[in-house]
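S.K.: Please read through the structure below; I'll follow up with questions.
The values are calculated or read from the model by the stated rules, or taken from the named source; none is laboratory data. Just so it is clear, the model here is predicted, and its values are computed rather than measured. For neighbour counting, all protein chains shown are included, and Cβ atoms are generated from backbone atoms with ideal geometry for every residue, glycine included.
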Amino acid sequence: MFTPSRMSLVHILVAEDQVMSLFGTLVRTNCFQIVRKDELPEFRNIVTNFETKWILEEFAHLGERVEKVSKLLEVKSKFVGGEPEINPPEILEKVKQNIAEIETEVFPVIDRIKELEVRIEDLDMLSEKIIPLESEGIELESLRNLKFLWLTYGFTIRENFSQFRAGLAYIPHLLIYREIPFKELVYVYLFVPLSYKEDLERILGTAPFSRDNFLDRISGNLKEITEKSEVELWRVREEKVLLFSKLKNLRSKYESTLLTLKRQILVNSFVIRALENVGRVGRQFLISGWVPYNSINRVKKALTPYDKSVVQALPPISAAEAEKSALLPPTKFEHPGFLKPFDWLITTYGYPSYSELDPSPIVALSFLLMFGVMFADVGHGAILFLLGIFFSRFKGLRNLAITIAGCGGSAVIFGLLFGSFFGKEDIIPAFWFRPFDDIMYFLKLSVIFGVVMVSLGLILNTIQNVRRK
């Protein structure tokens, strides 16, 4: 408990057709830390690189496809439970198949929605173009039989419309227009005498004006055309609503699958990147890594199904050997269950080296003692304790919540010893003494506690120096 786990260097030689599956099994053991091949001088001249670029590119491409479909279906990222499947080649093919099946259902719906949106915009624009003519009582047939007037129609920019009108002031004209509400445009009909056609063309040539020819593509009564377009508009919008409902059903159907695919891509890509540290020897691969000495048998048992592999475990490295070794072993704590939630008090500031003592038990105990003394109160401590117990149900907050519960329990104990309840010291009796009634005694205890902590630190430092020699 006061020293990190003893670590052994393990070398695994595995055939090419089993390397990825075996590596996935190693990851699932959760006790194997890979060592880069260039950190092993004894193998530096006999191993070559393992090519992973192609499969990483495949996973990256699949990740983009999954992300695209997720955005189209508005699938929000969330935690997916369960252990991820690790076998990059198999997962690659499964993801390809799954995403292809989803795309065949989703993309046609999306494409149809885009077509309908274009059609809706066209129908809305047609109505906006016809409205100015209808409001003036102008029929389509009369526009096609003009003898003395020249008609030009099209779009101009709304912010430049006043300048556009000013440019027409020098020729006789009739201007009918309508501002398009869903675009920064104005639709314009310009009538001028035939004799001013060239003047109009010259003016329009220098103005932000885009000609249109939609009147050549329609026929009949403008009112009937408007009514038909309105009917079609309602039909198209209704179809669009139904398609969005279908998309919602597809989201419910594939949300879990897409989140799982994202996770599988992420995990297996991570495994592939880790495999870049693996060395190749002919048609075999060398995987080296650190394993806690007491977990070696578990690793060997997990690798039993791989008949084309050989496992070699070296004796555990001592603290003195680690000090002299160029290959530094990782630090792994071995704490009982009641102490594990307090690991973060140490790991927040970094891990001790392999040859150093593990300060976690002392830090956890001293932290709880100091918190209890500083915030000694039965009421406040009980609230912290209950909050810690409540939030410990959430996996992501469990360690912090248990720490808070421990601090609350310590505050309750010292609150009883000091007789404090929600800041009041006259409600419950003190089982030891009241600090405000005997400040000097409290200061003496504080000094004694400080001396004990400093002395303990010196003793541990001495023990640590002896272990390193």
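S.K.: Mind checking which residues of region 305-320 are surrounded by fewer than 16 Cβ atoms within 10 Å (Cβ to Cβ) and β-branched (Val, Ile, Thr)?
M.R.: If the condition is that a residue be surrounded by fewer than 16 Cβ atoms within 10 Å (Cβ to Cβ) and β-branched (Val, Ile, Thr), then Val310 is the only one that fits.
S.K.: Here's something else I'd like to know. Under the condition of being over 30 Å from Leu368 (Cβ atoms) and either buried (at least 16 other Cβ atoms within 10 Å of the Cβ) or of a type in the set (Phe, Trp, Tyr) (or both), which residue from region 321-342 is modelled with the lowest pLDDT?
M.R.: Among them, the one singled out is Ala322.
S.K.: Where in region 317-393 are there helices (runs of 4 or more DSSP H), lying fully within it, with 2 or more residues that are farther than 22 Å from Gly406 by Cβ? It would help to see each step written out before you state the result.
M.R.: Numbers: elements: 319-324, 344-347, 360-374, 378-391.
By residue number, 319-324.
S.K.: Is it the case that some residue within region 94-106 is closer than 30 Å to Ser245 by Cα and in contact with a Lys or Arg (Cβ under 8 Å, 6 or more places away or on another chain)?
M.R.: yes
S.K.: Could we say that Glu93 is under 18 Å from Arg263 (Cα atoms), surrounded by fewer than 16 Cβ atoms within 10 Å (Cβ to Cβ) and at pLDDT 90 or above here?
M.R.: When the stated conditions are applied, Glu93 passes them.
S.K.: Go through region 203-304 and tell me which strands (runs of 3 or more DSSP E), entirely inside it, have 1 or more residues that are crowded, with 16+ Cβ neighbours inside 10 Å, modelled with pLDDT under 85 and touching a helix residue (DSSP H, G or I) at 6+ places or on another chain (Cβ under 8 Å). Please lay out each step first, then the result.
M.R.: Working: elements: 209-211, 279-281, 284-292.
Passing ranges, in order: 279-281, 284-292.
S.K.: Yes or no: region 9-30 includes at least one residue that is modelled with pLDDT under 85 and under 25 Å from Ala322 (Cα atoms).
M.R.: Yes, region 9-30 contains a residue that is modelled with pLDDT under 85 and under 25 Å from Ala322 (Cα atoms).
S.K.: Identify the residue in region 425-469 that is of a type in the set (D, E, K, R) and over 51 Å from the mean Cα position of the chain (by Cα) and, among all such residues, is surrounded by the most Cβ atoms within 10 Å (Cβ to Cβ).
M.R.: If we take residues in region 425-469 being of a type in the set (D, E, K, R) and over 51 Å from the mean Cα position of the chain (by Cα), then Arg434 is surrounded by the most Cβ atoms within 10 Å (Cβ to Cβ).
S.K.: I'd like the residue in region 188-200 that is within 15 Å of Ala166 (Cα to Cα) and under 60 Å from the mean Cα position of the chain (by Cα) and, out of all such residues, is surrounded by the fewest Cβ atoms within 10 Å (Cβ to Cβ).
M.R.: Ranking the candidates gives Leu200 first.
S.K.: Under 6 Å between Cβ atoms, at least 6 apart or on separate chains: pull out the pairs that start in region 159-176 with a residue that is over 22 Å from Glu136 (Cα atoms) and end on any residue that is part of a helix (DSSP H, G or I).
M.R.: Gly167/Ile203
S.K.: Further, regarding this structure: For Thr257, all conditions in the list (1) under 27 Å from His61 (Cβ atoms); (2) in contact with a strand residue (DSSP E or B) (Cβ under 8 Å, 6 or more places away or on another chain); (3) of a type outside the set (Phe, Trp, Tyr) hold save one; what is the number of the exception?
M.R.: Status for Thr257: all satisfied but (2).
So that you can scan it fast, the table gives a plain yes or no per residue for (1) of a type outside the set (Lys, Arg); (2) crowded, with 16+ Cβ neighbours inside 10 Å:
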| residue | (1), (2) |
| --- | --- |
| Leu72 | yes, yes |
| Ser77 | yes, no |
| Pro84 | yes, yes |
| Asn87 | yes, yes |
| Lys114 | no, no |
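Yes or no, residue by residue, for (1) outside any helix (DSSP H, G or I); (2) at pLDDT 90 or above; (3) surrounded by fewer than 14 Cβ atoms within 10 Å (Cβ to Cβ):
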| residue | (1), (2), (3) |
| --- | --- |
| Asn98 | no, yes, no |
| Asp111 | no, yes, yes |
| Ile120 | no, yes, no |
| Asn145 | yes, no, yes |
| Arg165 | no, no, no |
| Ala169 | yes, no, yes |
| Lys183 | yes, no, no |
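S.K.: Which ones in region 308-360 are among the acidic types (Asp, Glu), within 30 Å of Phe285 (Cα to Cα) and touching a residue at least 24 places away in the same chain (Cβ under 8 Å)?
M.R.: We begin by selecting, within region 308-360, every residue among the acidic types (Asp, Glu); these are 321, 323, 334, 343, 356, 358.
Then keep just the ones that are within 30 Å of Phe285 (Cα to Cα); that gives 321, 323.
Hit for region 308-360 is Glu323, nothing else.
S.K.: Right, here's the next one. Just to verify a result, which residue in region 361-399, among those that are without any contact (Cβ under 8 Å) to a residue 12 or more places away in the chain and of a type in the set (Lys, Arg), is nearest to Ile439 (Cα to Cα)?
M.R.: So the residue we want is Arg393.
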